[in-house]
């Protein structure tokens with residue numbers, strides 16, 4: 001019987017051919033998923049997803065002990081940013097997971113306005129990483145509420161979804177009924193720090209039958225984006241009046257830019 005001769009060029013290419021075949025099989029059985037949302041992606045999508053992941057700016061220490069504004073260098077124990085030196089927020093501490101910028105904004109806008117909830121696990125995990133200190137010994141999570149008319153328009157409250165997911169992962173109870181938004185305030189976009197504070201002044205109230213529920217409690221407010229902290233302070237105010245022992249805040253993203261210091 002004559003012996004089959006395999007061309008040497010084919011033998012040389014066998015390892016790469018086998019690797020490509022295994023890669024195709026693996027992509028069929030275990031297709032590549034988004035590092036952020038978990039969705040199945042094409043190879044081109046996966047490349048873009050990886051670049052997005054690598055471009056996100058995660059927030060960690062050192063930062064302002066009150067509002068969590070990130071510092072470039074260590075400033076010492078209990079250091080405050082310039083804005084908190086001038087105007088301390090009503091909440092006790094705030095922390096945020098990711099810098100809100102041109103790269104990250106699509107994630108939160110798709111979630112907030114596009115109904116994309118497939119990134120919730122990633123969002124919650126990053127918030128728990130950044131907010132471990134404020135979540136420590138927390139008694140309850142309370143999402144920043146939407147006005148009923150805006151809730152009907154959007155169909156869901158993104159802050160409530162974040163609170164629910166963090167609650168499930170951390171076993172900290174969450175409460176969506178305690179705080180109510182009684183004023184349908186105009187958009188905060190384009191307003192100054194003082195303008196934002198005036199815009200949301202008195203916008204939030206405690207429901208009367210929930211006032212005793214927060215007395216003496218460590219409450220953590222949950223929201224999607226921290227801009228100046230005005231909304232979070234407006235939420236903390238009725239909670240403090242109802243007797244909450246400590247009110248902290250935790251947001252998915254935070255605007256980081258040179259601080260406007262109002263007089």
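The values are calculated or read from the model by the stated rules, or taken from the named source; none is laboratory data. Just so it is clear, the model here is predicted, and its values are computed rather than measured. All Cβ positions, glycine included, derive from the backbone under ideal geometry; neighbour counts span all protein chains shown.
Residue pairs, Cβ under 8 Å, 6 or more apart or interchain, first in the stretch 150-164 and within 14 Å of residue 223 (Cβ to Cβ), second assigned to a helix (DSSP H, G or I) and modelled with pLDDT under 80. List them.
157/151
Scan the stretch 73-87 and tell me whether some residue there is modelled with pLDDT of 55 or more, crowded, with 16+ Cβ neighbours inside 10 Å, assigned to a loop (DSSP other than H, G, I, E, B) and in contact with a strand residue (DSSP E or B) (Cβ under 7 Å, 6 or more places away or on another chain).
No, the stretch 73-87 contains no residue that is modelled with pLDDT of 55 or more, crowded, with 16+ Cβ neighbours inside 10 Å, assigned to a loop (DSSP other than H, G, I, E, B) and in contact with a strand residue (DSSP E or B) (Cβ under 7 Å, 6 or more places away or on another chain).
Specify the residue that is surrounded by the most Cβ atoms within 10 Å (Cβ to Cβ); the eligible residues are those in the stretch 216-241 that are assigned to a loop (DSSP other than H, G, I, E, B) and modelled with pLDDT of 95 or more.
Filtering the stretch 216-241 for residues that are assigned to a loop (DSSP other than H, G, I, E, B) and modelled with pLDDT of 95 or more, the one surrounded by the most Cβ atoms within 10 Å (Cβ to Cβ) comes out as 217.
Taking the criterion of being closer than 20 Å to residue 131 by Cβ, crowded, with 19+ Cβ neighbours inside 10 Å and out of contact with any strand residue (DSSP E or B) (no Cβ under 9 Å at 6 or more places or on another chain), would at least one residue in the stretch 98-119 satisfy it?
yes
Scan the stretch 242-263 for residues that are surrounded by fewer than 18 Cβ atoms within 10 Å (Cβ to Cβ) and farther than 21 Å from residue 72 by Cα and report the count.
Count: 4.
Which number in (1) under 29 Å from residue 101 (Cβ atoms); (2) modelled with pLDDT under 90; (3) surrounded by 15 or more Cβ atoms within 10 Å (Cβ to Cβ) marks the one condition that residue 211 misses?
The failed condition is (1).
Just the residues that are farther than 18 Å from residue 228 by Cα and without any contact (Cβ under 8 Å) to a residue 24 or more places away in the chain, please, taken from the stretch 44-68.
Answer for the stretch 44-68, where residues must be farther than 18 Å from residue 228 by Cα and without any contact (Cβ under 8 Å) to a residue 24 or more places away in the chain: 44, 45, 46, 47, 48, 49, 50, 51, 53, 54, 61, 62.
Among the residues of the stretch 120-145 satisfying the criterion of being surrounded by fewer than 19 Cβ atoms within 10 Å (Cβ to Cβ) and more than 10 Å from the chain's Cα centre (by Cα), which is nearest to residue 203 (Cα to Cα)?
Top of the filtered list is 140.
Quick test of your reading of the structure: residue 116 fulfils all but one of (1) under 20 Å from residue 60 (Cβ atoms); (2) not in a strand (DSSP E or B). Name the failing condition by number.
(1)
Is one or more of the residues making up the stretch 158-166 touching a helix residue (DSSP H, G or I) at 6+ places or on another chain (Cβ under 7 Å), part of a loop (DSSP other than H, G, I, E, B) and under 24 Å from residue 68 (Cα atoms)?
No; the residues of the stretch 158-166 include none that is touching a helix residue (DSSP H, G or I) at 6+ places or on another chain (Cβ under 7 Å), part of a loop (DSSP other than H, G, I, E, B) and under 24 Å from residue 68 (Cα atoms).
For the stretch 147-157: of the residues being surrounded by fewer than 19 Cβ atoms within 10 Å (Cβ to Cβ) and assigned to a loop (DSSP other than H, G, I, E, B), which is modelled with the highest pLDDT?
Top of the filtered list is 156.
Name the pairs whose Cβ atoms lie under 6 Å apart, with the first residue in the stretch 226-244 and at positive phi and free of Cβ contacts under 8 Å to residues at least 40 places away in the same chain, the second part of a loop (DSSP other than H, G, I, E, B) and surrounded by fewer than 24 Cβ atoms within 10 Å (Cβ to Cβ), and 6 or more positions between them or separate chains?
Going by the 6 Å Cβ cut-off, the qualifying pairs are 243/215.
Which of the residues spanning the stretch 179-208 are modelled with pLDDT of 70 or more, in a helix (DSSP H, G or I) and surrounded by 13 or more Cβ atoms within 10 Å (Cβ to Cβ)?
Passing the criteria: only 200.
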